[in-house]
Amino acid sequence: MSQNATAQAASSLRVRKITYSALFLALAMVLPFLTGQIAEIGSMLCPMHIPALLCGFLCGWPWGLAVGFISPLLRSMSGMPPIWIAIPMAFEMATYGAIAGLLYRKLPKTGWRIYASLISAMVAGRLVWGLVKFLLTGLQGTEFSLALFLSGAITTAIPGIILQLVLIPVLVVVMERTNMMLRD
């Protein structure tokens, strides 16, 4: 392949990554409106997490990190979530996108690669959320106990965790089989 063709391919890939990332960012803005209509479980479905994870898988870790970090902060400009909730979420979701994208590309291409990447991203993101939440509550002079961490990171998020464990692998497999995955 000539240098010109290589440069065009790289440029085309970059444009596709920007386009897909913008789509995932838009989904992160819209999905909470849809799930928020079910007041009992709407926020427990963790709708903004799905686009950040998918962006990491599809576009790679830098794009997943960016979409994950930007989406809660951008969404908080409309008032939901409040900024003190959006800041820890930004770090959590950036971790989701980064870890999912990084491990998906680095792990051997086995049947468990998607789940290993997804579960690692979900655990790391929740730990980062807890750390940032702990640091922010310390600055605010309030307390963030282990019970509050477990409640916020696991107990109230069980419906969202289940949704992610079922939906994300299916979507990633569909994207793989339809050649939507963007390779560097």
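The values are calculated or read from the model by the stated rules, or taken from the named source; none is laboratory data. Small disclaimer: the values here were computed from a predicted structure and weren't measured. Cβ coordinates were reconstructed from backbone atoms using ideal geometry, including for glycine residues, and neighbour counts include every protein chain displayed. For accessibility, only protein heavy atoms count, side chains too; no ligands or nucleic acids. Shrake-Rupley method; radii C 1.70, N 1.55, O 1.52, S 1.80 Å.
Key figures
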| quantity | calculated |
| --- | --- |
| Residue match in region 160-174 (condition: under 30 Å from Ala7 (Cβ atoms) and either in contact with a Leu (Cβ under 8 Å, 6 or more places away or on another chain) or modelled with pLDDT under 85 (or both)) | yes |
| Hey, Met44 open to solvent by 40 Å² or more (accessible area, probe 1.4 Å), assigned to a loop (DSSP other than H, G, I, E, B), touching a residue at least 12 places away in the same chain (Cβ under 8 Å) and not small (Gly, Ala, Ser) or not | no |
| Count - residues of region 60-110 that are within 13 Å of the chain's Cα centre (by Cα) and open to solvent by 20 Å² or more (accessible area, probe 1.4 Å) | 12 |
| Inter-residue pairs, beta-carbon under 6 Å, first within 22 Å of Ile119 (Cα to Cα) and in contact (Cβ under 8 Å) with a residue 24 or more places away in the chain and in region 83-95, second open to solvent by 30 Å² or more (accessible area, probe 1.4 Å) and among the β-branched types (Val, Ile, Thr), 6+ apart | Phe91/Val128; Glu92/Val128; Thr95/Val128 |
| Residue check, Thr142 at pLDDT below 95, assigned to a loop (DSSP other than H, G, I, E, B), open to solvent by 40 Å² or more (accessible area, probe 1.4 Å) and at negative phi | yes |
| Pair list, Cβ under 6 Å, 6 or more apart: region 156-174 residue within 15 Å of Gly56 (Cα to Cα), other residue among the acidic types (Asp, Glu) and part of a helix (DSSP H, G or I) | none |
| Among the residues listed as Gly125, Gly130, the single one being more than 16 Å from Met48 (Cα to Cα) and open to solvent by less than 20 Å² (accessible area, probe 1.4 Å) | Gly130 |
| Considering residues of region 145-159 that are among the β-branched types (Val, Ile, Thr) and part of a helix (DSSP H, G or I) only, the residue modelled with the lowest pLDDT | Thr155 |
| Count of residues meeting criterion [outside any helix (DSSP H, G or I) and not charged (D, E, K, R)] in region 95-131 | 5 |
| Residues within region 1-55 that are modelled with pLDDT under 85 and β-branched (Val, Ile, Thr), tallied | 4 |
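Per-residue answers, yes or no, for (1) over 15 Å from Val172 (Cα atoms); (2) among the charged types (D, E, K, R); (3) out of contact with any Asp or Glu (no Cβ under 7 Å at 6 or more places or on another chain):
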{"position": "Arg105", "(1), (2), (3)": "no, yes, yes"}
{"position": "Thr110", "(1), (2), (3)": "no, no, yes"}
{"position": "Ile114", "(1), (2), (3)": "no, no, yes"}
{"position": "Leu118", "(1), (2), (3)": "no, no, yes"}
{"position": "Ala121", "(1), (2), (3)": "no, no, yes"}
{"position": "Leu127", "(1), (2), (3)": "yes, no, yes"}
{"position": "Lys133", "(1), (2), (3)": "yes, yes, yes"}
